[in-house]
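Only the coordinates and a few stated rules stand behind these numbers; no lab work does. As the structure is a computational prediction, the values presented were derived from the model and not from experiment. All Cβ positions, even for glycine, are placed from backbone atoms using ideal geometry, and neighbour counts span all protein chains on display.
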Amino acid sequence: MTRRIERAMALLRRGDLTVTEVCFAVGCSSLGTFSTRFTELVGMPPSVYRDRAAHAVAGLPSCVEKKVTRPIRNREAPATGLHLA
């Protein structure tokens, strides 16, 4: 599931797909489960991540972008969310 969330994060950063489209594109069949798991791993809902991340990683090399945006495993995301700005 973590790999699916990583792929979802990349698709959401592109900004041309809706959260529902991303959910199904990464192989999830339930939007609710996808959103819940995404929030647990990333620290914010997919819609919020999509809005914030598109601008935050602009201009970064792809290798740095992958490191900065990698989800945290085992529900370790901070309660305040990912600080992309």
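Side notes on the structure shown:
- Other residues lying with their Cβ under 15 Å from the Cβ of residue 30 contribute a combined charge of 0, Lys and Arg counting +1, Asp and Glu -1.
- In plain terms, the residue of 11, 31 with the fewest other Cβ atoms within 10 Å comes first and the most crowded comes last, giving 31, 11.
- Segment residue 33-residue 18, length gained on full extension (0.36 nm per residue, minus Cα span): 3.8 nm
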